[in-house]
Amino acid sequence: MEIDLVSEGLKFMVLGMLIVFIFLVILVQVMKLQAKIISKYFPDKVVEAAPVSTSTAQEAEKEAHHVAAIVAAIKEFRKQS
């Protein structure tokens, strides 16, 4: 009797794994189809790059100076320790 319960348990395990596997395969295929449909009716728009303004360049330079100051402070602190 115990062997029957083990075999029934194995059957249910395999059945459950197959159902989950089939569901995942169907899910992947539906997602691929959805992506094709969306890309067909809603194509990606081409975005032109905006020129870098001088204020942005100045901010980047200022940030670089801040980073350099922080790195120098860390090096000095490590020398003292």
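Stretching the chain fully between Val71 and Gln34 yields a gain of 8.4 nm (0.36 nm per residue, less the alpha carbon separation).
Between Lys62 and Glu48, the contour length at 0.36 nm per residue exceeds the alpha carbon distance by 2.4 nm. Using the alpha-carbon atoms, what tilt in degrees (0 to 90, nearest 10) does helix 2-41 show relative to the longest principal axis of the chain? The angle comes out near 50 degrees. Solvent-accessible surface of the chain, taken per residue with a 1.4 Å probe and all protein chains present: 102 Å². Given (i) 3, 16, 28, 24, 14, 7, 4, 2, 1, 0; (ii) 3, 10, 6, 7, 6, 5, 6, 6, 7, 8, 9, 9, 7, 5, 4, 2, 0; (iii) 3, 15, 26, 24, 18, 9, 4, 1, 0, 0, which label gives P(r) over Cα pairs in 5 Å bins from 0, in percent as computed from the coordinates? It is the one labelled (ii).
Listed by chain and number, the lysines whose C-alpha is less than 19 Å from the C-alpha of Lys36, apart from same-chain residues fewer than 8 away, are Lys45. The long axis of helix 54-80 is offset from the longest Cα principal axis of the chain by roughly 90 degrees.
Of the accessible area of the chain, computed with a 1.4 Å probe over protein heavy atoms only, carbon and sulfur atoms account for 71 percent.
The values are calculated or read from the model by the stated rules, or taken from the named source; none is laboratory data. Only a predicted model underlies this, so the values are computations on that prediction, with no experimental measurement involved. These area figures cover heavy atoms from the full protein model, side chains too; ligands, DNA and RNA do not enter into them. Shrake-Rupley method; radii C 1.70, N 1.55, O 1.52, S 1.80 Å.
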